[in-house]
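Report on the following structure.
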Amino acid sequence: MLEVRDLHAYYGKSHILQGVDLSISAGEVVSLLGRNGVGRSTTVKAIMGEVPPQGTIRFKGQDIAGLPSHKIARLGLGYVPEHRDIFPGLTVRQNLLLGIKNTRRPGKWRLQDMLDMFPNLAARADTPAGVLSGGEKQMLTTCRTLMGDPELIMIDEPTEGLAPLIVHQVGDLIAHIAKAGVAILLVEQKLSIALRISHRVYIMGHGRIVFEGTPDELKANEAIRKEWLEV
Amino acid sequence: MLELIVISTLNGVLFGMLLFLLSSGLTVIFSMMGVLNFAHASFYMLGAFFGYQLTKWIGFWPALVLAPLLVGAVGMAVERYGLRNTHKHGHVAELLLTFGLAFAIEEIVSMIWGKSPVDYRVPAALDFPAFTIFSTNYPAYKIFMLAISVLIFIALLIVLKRTRVGLIVEAALTHPHMVGHLGHNVGQVFMLVFGVGSALAGLAGVIAGPALVTQSDMAALLGPILFVVIVFGGLGSLPGAFIASLFIGLVQTFAVALNGSLASTFGPLDPSIGPSVLSDIWNVTIAQIAPVLPYVLLVVILIVRPMGLLGTRET
């Protein structure tokens, strides 16, 4: 479904992505792991066109490298950025409604389903989203992107800075999305969720992919974990 | 005294609402695109001159509709072909573009219509006193200006708070990238907002032209006050721009109307034994310091509260 070949990206003069290759099939859950600063977020941003990409990015067979992000989004590629960019002045309900791309053609995720799934969000449906807790904001941004009915959703560091109990809830939500048949690219630093729900994992180091395999293969390979993940 | 208060309040609110027609667009454009549009007051001037010319050709009422639309189209073209192309070179390039545009518009206007005021008059249908309070005849045209500004204010509020486009605009104020990632065409929204903002400035020009002076320096005269208003209210805050517009409008109007001097206001503190330089200052009238008041306010607000009244970010 998504195929990335020899992807390069630069911030000013620094060469952040140095030839990233990865692919995700329909309905597959894939994690992109690695330490801070190795280019995981930049990979996702380059795919979405927020950072100018060089290389090949194909989504459902179509070349999307360098397209404006709204066009990429409309092809069915959803993105939940790492800073949980909720719209603070708008209410929770308005945030969710803005996730809908086409008001005339409702997708498979309804506003009411989201509110049923998260009673916390339902209780605050009409309060400004700026007052939500970190965990609630994460649920809100993820649900908001789901409202646009993506076929592949890329979620950047959803558990960063959250309490263990909330981390577990985020894991449940991602598992729920996967069960609905949406492909997932999960960018993470923590192994727990990634190993629990992924079909495959990639590990990044120094701007390229340094490991690809199943969660079991990663569990078995201590050398790789030591070199590229553990601090 | 009561007469002065009533009349000045009316005039002040009117001037404030006119300022709001301009500052609302300027502040929304700033917070969405990060561009302080130096040419915004030029769109106001274009509105006045288009209004004048179209009034001559087809009459005031069609001009009232057509001139703002024309200015809006000019604004959209500026966004689409100017700002969007300079955007990748950063905010300084965009700022310089609008700066140059302001001068270009001023020169073009004085090339076409000359440097002296044009004869842009209140339409005959509105050229009568609306009512008389005490001994003052209050012109109907001013009431008309007030009505138009209030109408636009309400329409703007409804569009921003009640429609989907309004929601997208409000979301793009803080997180334009995220709005794009959700599949909304932010570029199109920017162009629309720039167009509507310019059209509102144009409308202010069309209705203010006959009441004030329609001349090629009117943009340069109003521009600075506009920046005071949006900094005072807080960059990017519409409610802030509204309060600041009314406040500055009232302060300026009252300062001009109160024809007392500092000496008469603070009489008992008169430093009559002081040197003559001080006594010169002491005898300055409040009307004389009126023009400087907005800028003093600007300095004070920047020192005391750099994000402005209702702003959320530092200026």
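The values are calculated or read from the model by the stated rules, or taken from the named source; none is laboratory data. Being a predicted model, the structure only gives us computed values, none of them experimental. Here Cβ is always computed from backbone atoms with ideal geometry, including for glycine, and neighbour counts include all displayed protein chains.
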Of the residues in segment A:76-97 that are surrounded by 23 or more Cβ atoms within 10 Å (Cβ to Cβ) and among the hydrophobic types (A, V, I, L, M, F, W, C), the one that is farthest from the other protein chains (Cβ to nearest Cβ) is A:Val92
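Going through segment A:104-115 one residue at a time, which ones are assigned to a loop (DSSP other than H, G, I, E, B) and either within 9 Å of chain B (Cβ to nearest Cβ) or crowded, with 21+ Cβ neighbours inside 10 Å (or both)?
Initial filter on segment A:104-115 (assigned to a loop (DSSP other than H, G, I, E, B)): A:104-110.
Passing the criteria: only A:Trp109.
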Within segment B:173-186, residues of a type outside the set (A, V, I, L, M, F, W, C) and more than 7 Å from every other protein chain (Cβ to nearest Cβ) come out as B:Pro176
Considering segment B:227-270, residues that are in a loop (DSSP other than H, G, I, E, B) and under 30 Å from B:Met33 (Cα atoms), and then whichever is modelled with the lowest pLDDT, we arrive at B:Gly236
Filter segment A:1-15 for residues that are farther than 16 Å from A:Gln62 by Cα and in contact with an Asp or Glu (Cβ under 7 Å, 6 or more places away or on another chain) and give the result. A:Asp6
With the first residue restricted to segment B:90-104 and required to be within 16 Å of B:Gly75 (Cβ to Cβ), and the second required to be among the β-branched types (Val, Ile, Thr), Cβ contacts under 8 Å at 6 or more apart or on different chains are B:Glu94/B:Val35; B:Glu94/B:Thr86; B:Leu97/B:Thr86; B:Thr98/B:Val35; B:Leu101/B:Val78
Complete set of residues in segment A:95-108 that are within 15 Å of B:Leu182 (Cβ to Cβ) and either of a type in the set (Asp, Glu) or touching a residue at least 60 places away in the same chain (Cβ under 8 Å) (or both): none
State yes or no: is B:Ala155 away from every other protein chain (no Cβ under 14 Å), without any contact (Cβ under 8 Å) to a residue 24 or more places away in the chain, closer than 30 Å to A:His70 by Cα and out of contact with any strand residue (DSSP E or B) (no Cβ under 7 Å at 6 or more places or on another chain)? yes
Selection within segment B:144-157 - surrounded by fewer than 16 Cβ atoms within 10 Å (Cβ to Cβ) and touching a helix residue (DSSP H, G or I) at 6+ places or on another chain (Cβ under 6 Å): none
Within the bounds of segment A:59-71, is there any residue that is in contact with a strand residue (DSSP E or B) (Cβ under 8 Å, 6 or more places away or on another chain), assigned to a strand (DSSP E or B), surrounded by 23 or more Cβ atoms within 10 Å (Cβ to Cβ) and in contact (Cβ under 8 Å) with a residue 12 or more places away in the chain? no
Determine whether A:Ala163 is closer than 19 Å to A:Lys190 by Cα and surrounded by fewer than 19 Cβ atoms within 10 Å (Cβ to Cβ). yes
Identify, please: which residue in segment B:34-80 is of a type in the set (Phe, Trp, Tyr) and surrounded by 17 or more Cβ atoms within 10 Å (Cβ to Cβ) and is, among those, farthest from B:Phe103 (Cα to Cα)? B:Phe60
Here are the criteria: (1) within 26 Å of A:Trp228 (Cα to Cα); (2) within 14 Å of chain B (Cβ to nearest Cβ). Tell me which single one A:Ile64 does not satisfy. (1)
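Answer with yes or no whether A:Lys101 is part of a loop (DSSP other than H, G, I, E, B), buried (at least 18 other Cβ atoms within 10 Å of the Cβ) and modelled with pLDDT under 90.
yes
In segment A:145-184, how many residues are within 14 Å of another protein chain (Cβ to nearest Cβ) and out of contact with any Asp or Glu (no Cβ under 8 Å at 6 or more places or on another chain)?
Step one: filter segment A:145-184 for residues within 14 Å of another protein chain (Cβ to nearest Cβ), giving A:145-156.
Next cut, out of contact with any Asp or Glu (no Cβ under 8 Å at 6 or more places or on another chain) only: A:145-155.
Looking only at that region, the number is 11.
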Residues (under 14 Å from A:Leu152 (Cα atoms) and within 14 Å of another protein chain (Cβ to nearest Cβ)) located in segment A:17-58: A:Val44, A:Ile47, A:Met48
If I filter segment A:1-45 down to residues being touching a residue at least 40 places away in the same chain (Cβ under 8 Å) and among the charged types (D, E, K, R), which single residue comes out as surrounded by the most Cβ atoms within 10 Å (Cβ to Cβ)? A:Arg40
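Residue-by-condition table, conditions (1) surrounded by 17 or more Cβ atoms within 10 Å (Cβ to Cβ); (2) touching a strand residue (DSSP E or B) at 6+ places or on another chain (Cβ under 9 Å); (3) not hydrophobic (A, V, I, L, M, F, W, C):
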| position | (1), (2), (3) |
| --- | --- |
| A:Glu136 | yes, no, yes |
| A:Met139 | yes, no, no |
| A:Arg144 | yes, yes, yes |
| A:Glu157 | yes, yes, yes |
| A:Ile174 | yes, yes, no |
| A:Gly181 | no, no, yes |
| A:Ile184 | yes, yes, no |
Can you work out which of the residues in segment A:190-210 that are of a type outside the set (A, V, I, L, M) and not in a loop (DSSP other than H, G, I, E, B) is nearest to A:Asp172 (Cα to Cα)? A:Arg196
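Table: residues versus (1) out of contact with any Pro (no Cβ under 7 Å at 6 or more places or on another chain); (2) within 14 Å of chain A (Cβ to nearest Cβ); (3) exposed (fewer than 15 other Cβ atoms within 10 Å of the Cβ).
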residue	(1), (2), (3)
B:Leu97	yes, no, no
B:Ala125	yes, no, yes
B:Pro129	no, no, yes
B:Lys142	yes, no, no
Scan segment B:129-142 and give yes if some residue there is among the aromatic types (Phe, Trp, Tyr) and in a helix (DSSP H, G or I), otherwise no. yes
When the residues of segment B:162-172 are narrowed to those that are more than 8 Å from chain A (Cβ to nearest Cβ) and not hydroxyl-bearing (Ser, Thr, Tyr), which ends up surrounded by the most Cβ atoms within 10 Å (Cβ to Cβ)? B:Ala172
Kindly evaluate A:Leu186 against the criterion of being farther than 18 Å from A:Lys45 by Cα and either aliphatic (A, V, I, L, M) or in a loop (DSSP other than H, G, I, E, B) (or both). no
